[in-house]
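Everything below concerns the one structure shown next.
The values are calculated or read from the model by the stated rules, or taken from the named source; none is laboratory data. What you see is a predicted model; the values in this text were computed from it and never measured. Glycine gets a Cβ as well: all are built from the backbone with ideal geometry, and neighbour counts include every protein chain shown. Ligands, DNA and RNA are stripped out before the accessible areas are found, and what is left, the full protein with its side chains, is counted by its heavy atoms. Shrake-Rupley method; radii C 1.70, N 1.55, O 1.52, S 1.80 Å.
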Amino acid sequence: MSENLKRILCYDRVHMNPKLQRKIIHVDMDAFYASVEQRDNPKLIGKPIAVGYASKRGVIAAASYEARTFGVHSAMPLITAMKLCPQLIVLPPRFDVYRSVSQEIHTIFADFTDIIEPLALDEAYLDVTKNKQEIETAWKTAKIIRSRIFEKTGLTASAGISYNKFLAKLASDMKKPNGQYAITPDMGEEFIAQLPIAKFYGIGPVTAKKMIGLGIHTGKELRLHSLDDLQKHFGKVGIWYYDLARGIDDREVNPNRERKSVGSETTFEQDSSDRNTIESEIIKMAELVWKWCEESKKRGRTVTIKITWSDFSKSTRSKTLENKVTTFDQLQKTSLELLQSLFPLKNKIRLVGVTISHFV
Ligand SMILES: [Mg+2]
């Protein structure tokens with residue numbers, strides 16, 4: 001059977017058979033780290049605050065809604081944030097507290113379903129196709145979960161409700177903060193049609209640019225392209241874009257995701273050989289990886305950096321330390337040392353990534 005035919009049958013299978021439709025809730029705490037800080041220190045309520053390590057090249061891990069009105073957002077370099085908002089109050093993260101709040105919300109989730117997939121401390125997918133409380137709708141389930149979270153933690157959460165993970169995650173952003181939104185199967189197509197291409201799951205800034213170059217700005221335009229055409233331009237992942245444009249995302253909510261490594265990578269807007277630019281991006285990626293290590297309380301021994309050159313060839317450099325990496329400084333230092341070994345560069349760099357593995 002041709003791949004095309006298979007996809008068409010899959011589309012029919014999912015859309016014609018309501019039994020195969022899942023009910024998924026994506027729960028996302030509002031400005032999580034920053035809200036916890038404001039909850040625990042009422043003097044901070046109503047003020048622009050950010051959580052992050054106040055180092056020279058640090059980045060912001062979370063920003064309060066007050067800070068966001070100045071344009072401050074997570075993953076932004078601290079220096080940039082201070083320029084946008086000179087009165088910004090920067091607090092060091094307290095991961096122990098965030099982890100314990102996360103445990104509290106997971107205890108609540110477990111009253112409704114056992115199929116819970118955490119994405120971060122403050123974010124999870126819940127499959128409530130069958131919910132333990134036999135609540136009639138996923139909408140009502142989400143309402144109850146959110147109000148129980150507020151009672152227990154004093155913090156607000158938003159929720160997205162839909163028939164797959166892709167749409168549930170987009171939906172939770174629609175009524176933030178402290179709101180919820182559902183994308184039902186009959187709304188799916190219309191919702192996707194108007195969706196800007198950069199909002200599609202798995203489409204980063206570089207792919208988005210390429211899509212726009214092909215005249216694809218929205219889901220509606222994406223849908224006009226055949227599978228063959230998308231595969232010609234995007235290779236294997238073409239099928240994924242083809243499916244998403246039709247509201248198909250068969251990924252299950254996976255409660256047992258045991259990670260063996262965690263990595264973060266970024267593609268440059270323009271290929272670069274500028275040392276400062278490349279180092280800054282390596283540090284940014286190391287920060288994201290470290291945030292995950294702190295959140296999950298996992299510590300690894302092997303640090304790997306990955307480079308894609310402008311001709312698309314790849315290089316990796318790894319170092320396994322005698323003991324686990326216990327501080328961000330250590331991770332940063334090791335990553336930069338590995339990068340150093342690639343100088344002088346043989347070519348411009350297109351992408352950099354940092355990974356930590358070999359958890360102990
Ligand atoms: Mg959040």
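A quick yes/no check of all residues on (1) among the small types (Gly, Ala, Ser); (2) free of Cβ contacts under 8 Å to residues at least 12 places away in the same chain; (3) closer than 21 Å to Ala34 by Cβ:
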site	(1), (2), (3)
Glu104	no, no, yes
Ile116	no, no, no
Leu119	no, yes, yes
Asp122	no, no, yes
Asp127	no, no, no
Asn131	no, no, no
Glu134	no, yes, no
Inset, instruction - Those residues that are of a type outside the set (D, E, K, R) and either modelled with pLDDT of 95 or more or not in a loop (DSSP other than H, G, I, E, B) (or both), I need them from the range 20-34; list them, please. - result: Leu20, Ile24, Ile25, His26, Val27, Met29, Ala31, Phe32, Tyr33, Ala34
Legend entry - Selection within the range 52-69 - within 15 Å of the ligand (Cβ to nearest atom) and modelled with pLDDT under 95: Ile60, Ala61, Ala62
Inset, instruction - Quickly run through the range 35-51 and pick out the residues that are in a helix (DSSP H, G or I), more than 10 Å from the ligand (Cβ to nearest atom) and surrounded by 23 or more Cβ atoms within 10 Å (Cβ to Cβ). - result: Val36, Glu37
Legend entry - Flag if Phe95 is more than 19 Å from Glu252 (Cα to Cα), within 16 Å of the ligand (Cβ to nearest atom) and open to solvent by less than 30 Å² (accessible area, probe 1.4 Å): yes
Legend entry - Test for Leu126: is it at pLDDT 95 or above and either surrounded by 21 or more Cβ atoms within 10 Å (Cβ to Cβ) or under 14 Å from the mean Cα position of the chain (by Cα) (or both): yes
Legend entry - Neighbours by Cβ (under 7 Å, 6+ apart or cross-chain): first from the range 327-352, without any contact (Cβ under 8 Å) to a residue 40 or more places away in the chain and more than 30 Å from Phe95 (Cβ to Cβ); second crowded, with 16+ Cβ neighbours inside 10 Å and among the charged types (D, E, K, R): Ser341/Arg317; Leu342/Arg317
Legend entry - Considering residues of the range 188-201 that are modelled with pLDDT under 95 and among the hydrophobic types (A, V, I, L, M, F, W, C) only, the residue surrounded by the fewest Cβ atoms within 10 Å (Cβ to Cβ): Ala198
Legend entry - Test set (1) within 16 Å of the ligand (Cβ to nearest atom); (2) open to solvent by less than 10 Å² (accessible area, probe 1.4 Å) - Arg146 fails condition number: (2)
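Kindly indicate which of Thr302, Thr334, Thr355, Thr316 is polar (S, T, N, Q), closer than 25 Å to Ser74 by Cα and in a strand (DSSP E or B).
Only one candidate passes the filter, namely Thr355.
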Inset, instruction - Being of a type in the set (Ser, Thr, Tyr), surrounded by fewer than 19 Cβ atoms within 10 Å (Cβ to Cβ) and within 16 Å of the ligand (Cβ to nearest atom) is the filter here, so list the residues in the range 152-187 that pass it. - result: Thr156
